[in-house]
Number of protein chains: 2
Amino acid sequence: MTRSRADLFDAETVAMADFARAMSHPARIAILRRLMEEGAQTAGQLVAALPLAQATVSQHLRALREAELVVATEAGTRITYALEGARIRHFCHAFQQALGTAGVPTEAMRACHI
Amino acid sequence: MTRSRADLFDAETVAMADFARAMSHPARIAILRRLMEEGAQTAGQLVAALPLAQATVSQHLRALREAELVVATEAGTRITYALEGARIRHFCHAFQQALGTAGVPTEAMRACHI
DNA sequence: ATCCTTTATCGTATATTTACGTTATACGAT
DNA sequence: ATCGTATAACGTAAATATACGATAAAGGAT
């Protein structure tokens, strides 16, 4: 990957790839799904819920923070994570727009019963 | 990643992560977007459209094939790639369902003008 | 038969990711 | 002040991903 990325592809394409990459590990998907289902959770709660060492979960949380898919708020010694709802929705929508209608019969085709 | 994956996470979570991983490189996003916008393309057309060597594009196409996001059909010496529309739609929908409504005000909240 | 085109595969160098033990930091409780 | 808890950051080994030249395989054209 010598020096590819922003130089070689347009910004929108790179942004979509970065978003997908942030989601490209089961642990990170599991974290996001859990935050969605249970609401905000502390790092410790997430560690307890995942089959990985604390250091590893912390590393995945950093990746999600850096991709701005979650926000962390400190309260004393605890750190609570919550979804960046707006940003996640934005990208789900972008994917839906860009790719989510692939091969869907058009109005005209359906009108003709093709 | 010593031996994680299917052992440690549920199938749905792994499937979503695998889909995201298949999309996690700008070249692969660019390929998918192009197939969406221009319709099916030969490998050669995709090579011409991307700032990467033929071998590299071929490798990205294999990744997309293995993730079943595209299908290849041979015609003589040419190989034409097309989107696996149904599968892509399925996952765009799955992400929308699982994460795409994060932080959206509920009916009840909106009714109360919160 | 020979040559050219098209595309996949091989080999390989480099970069990135993942996992985890260990250590550092910072807060709260005693 | 000391100790325990909660978390991030460091260091590092192993696995994967990325890029690309070179080569192989298979059709088509002459």
Consider B:Ala30 against the criteria (1) facing chain A (nearest Cβ under 9 Å); (2) more than 16 Å from DNA strand D (Cβ to nearest atom); (3) free of Cβ contacts under 8 Å to residues at least 24 places away in the same chain: it satisfies all of them except one. Which criterion is unmet?
(2)
Hits in region A:46-79 - residues which are within 7 Å of DNA strand D (Cβ to nearest atom) and either within 11 Å of chain B (Cβ to nearest Cβ) or of a type in the set (S, T, N, Q) (or both):
A:Gln54, A:Ser58, A:Gln59, A:Thr77
If B:Ile88 passes every condition in (1) within 14 Å of another protein chain (Cβ to nearest Cβ); (2) surrounded by fewer than 16 Cβ atoms within 10 Å (Cβ to Cβ); (3) of a type in the set (A, V, I, L, M); (4) away from DNA strand C (no atom under 16 Å from the Cβ) but one, which one does it miss?
(2)
Options A:Ala53, A:Ala102, A:Ala72: the member that is under 21 Å from B:Ala15 (Cα atoms) and among the small types (Gly, Ala, Ser)
A:Ala102
On the given criteria, is B:Val14 more than 9 Å from DNA strand C (Cβ to nearest atom) and within 7 Å of chain A (Cβ to nearest Cβ)?
yes
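Computed from the coordinates by the stated procedures, all read-outs in this text should not be read as laboratory data. In this text the structure is predicted, and so the values were computed from the model without any measurement. Quick reminder, even Gly has a Cβ in these numbers, built from the backbone with ideal geometry, and neighbours come from all protein chains shown.
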